[in-house]
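*Asks:* Before I ask anything, here is the structure I am working with.
The values are calculated or read from the model by the stated rules, or taken from the named source; none is laboratory data. Quick caveat, the model's predicted, so the values are computed rather than measured. Ideal geometry is used to build each Cβ from the backbone, glycine not excepted, and the neighbour counts take in all protein chains shown. When the accessible area is computed, the model is the full protein with side chains, heavy atoms only, and any ligands, DNA or RNA have been set aside. Shrake-Rupley method; radii C 1.70, N 1.55, O 1.52, S 1.80 Å.
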Amino acid sequence: MPHIKWVGIINSEIADYQKGNMDCSAKKMVLPATIKEMMIKALPFAVLPFIVIFLSIFLKTFFAGEMTISPVFFVIGFIAGFIGLIAHEWLHAIVYPSNATVYIGFHLKSFAAVALVSYPLKKWRFILMSLLPLLSGIVPVVIFWFSPVAWKPWNGFWFGLSIMGLISPYPDYFNVYQVLKQTPPECYIQNHGDETYWIENLSNS
């Protein structure tokens, strides 16, 4: 487990929290310059989760022949999912090893919860780190699928929770796609400053 530090509201630049040691052989990936730009370019990656969410409620309602969720509890679940964005960042953080320090907070400039760290991870582990928060969407939507129709309050809660859990990681889906596209099979990935780098062989590994 890494050192995880809650830093609250971040008014400074993200680069201030990502200043780890960089290997001299590191190569910069081609990615959007800012979080805001990245979130815009990543929007197509929100389409598939949106389809999953739409089909989930449509098919359950269709086969039940009646409304399957409580609107009030749906709103409660959605709000809980928004608050749970901090848990989303924590799931990113726990993949890092014990000698890494991860800063979790809310970046006002980009209006996003963030987990900031500069530490090289093997490619497979970086992909795991990026996609682990997807669990916060997969688990509630699966519970929603299999919950009895009569459990409308719980159905509403789990469905509302699943929306944030499935859609909010869409920038992470974009990052994983870029890592798979731009880097060799065996390498390390590291965030540093405002950029992401790949390293074929760490000089001290």
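*Asks:* Using a 1.4 Å probe on the protein chains only, how many percent of the accessible area of the chain belongs to carbon and sulfur?
*Replies:* Values: 7750 of 11150 Å².
The value for the chain is 70 percent carbon and sulfur by accessible area.
*Asks:* Looking at the chain as a GNM with Cα springs under 10 Å, which of M164, M39, M67 has the largest mean-square fluctuation?
*Replies:* Per the Cα network of the chain with a 10 Å cutoff, M67 tops the list.
*Asks:* With every protein chain kept in place and ligands, DNA and RNA left out, what is the accessible area per residue of the range 1-83? Probe 1.4 Å, answer in Å². It would help to have the intermediate numbers written out before the result.
*Replies:* Values: 5630 Å² over 83 residues.
I get 68 Å² per residue for the range 1-83.
*Asks:* Taking H as built 1.01 Å from N, whose amide H comes closer than 5 Å to the amide H of K5, not counting residues under 5 places away?
*Replies:* Counting only residues 5 or more places away or on other chains, the set is V102, Y103, I104.
*Asks:* If you count the DSSP beta bridges with both ends in the chain, what percent of them are antiparallel, to the nearest 5?
*Replies:* Details: 14 of 21 bridges.
About 65 percent, rounded to the nearest 5.
*Asks:* Relative to the first principal axis of the alpha-carbon coordinates of the chain, what is the inclination of helix 47-64, with its axis defined by its Cα atoms, in degrees from 0 to 90 and to the nearest 10?
*Replies:* 20 degrees
*Asks:* Could you list, in their original order, any pairs among K109/K152; K36/K123; K60/K109; K41/K152; K5/K123 whose Cα atoms are separated by more than 29 Å?
*Replies:* Numbers: K109/K152 38 Å; K36/K123 24 Å; K60/K109 39 Å; K41/K152 36 Å; K5/K123 24 Å.
Too far apart for the 29 Å limit: K109/K152; K60/K109; K41/K152.
*Asks:* What nm distance separates the two modelled labels at K41 and I83, each placed 7 Å from Cα along Cα→Cβ?
*Replies:* According to this spin-label approximation, the distance is 3.5 nm.
*Asks:* Can you give the accessible area per residue of the range 95-205, in Å², using a 1.4 Å probe? Don't skip to the end; give the middle numbers.
*Replies:* Details: 5100 Å² over 111 residues.
Accessible area per residue, the range 95-205: 46 Å².
*Asks:* Right, next: For the range 14-133, what is the largest minus smallest coordinate of the Cα atoms on each principal axis, given in angstrom and ordered from greatest to least?
*Replies:* Principal extents (largest minus smallest coordinate, Cα): 62, 28, 25 Å.
*Asks:* Could you tell me how many degrees, from 0 to 90 and to the nearest 10, lie between the Cα long axis of helix 170-182 and the main elongation axis, the longest principal axis, of the Cα atoms of the chain?
*Replies:* With both axes taken from Cα atoms, the answer is about 40 degrees.
*Asks:* Separate question: Which values, in whole Å and largest first, are the semi-axes of the equivalent ellipsoid of the chain obtained as the square root of 5 times each eigenvalue of the Cα gyration tensor?
*Replies:* On the way: eigenvalues 247, 61, 43 Å².
Over the Cα atoms of the chain, the semi-axes work out to 35, 17, 15 Å.
*Asks:* Continuing with the same structure: For K122, K19, K60, give the ranking by accessible area with the largest first, probe 1.4 Å.
*Replies:* Working: K122 105, K19 145, K60 25 Å².
Accessible-area ranking of K122, K19, K60, largest first: K19, K122, K60.
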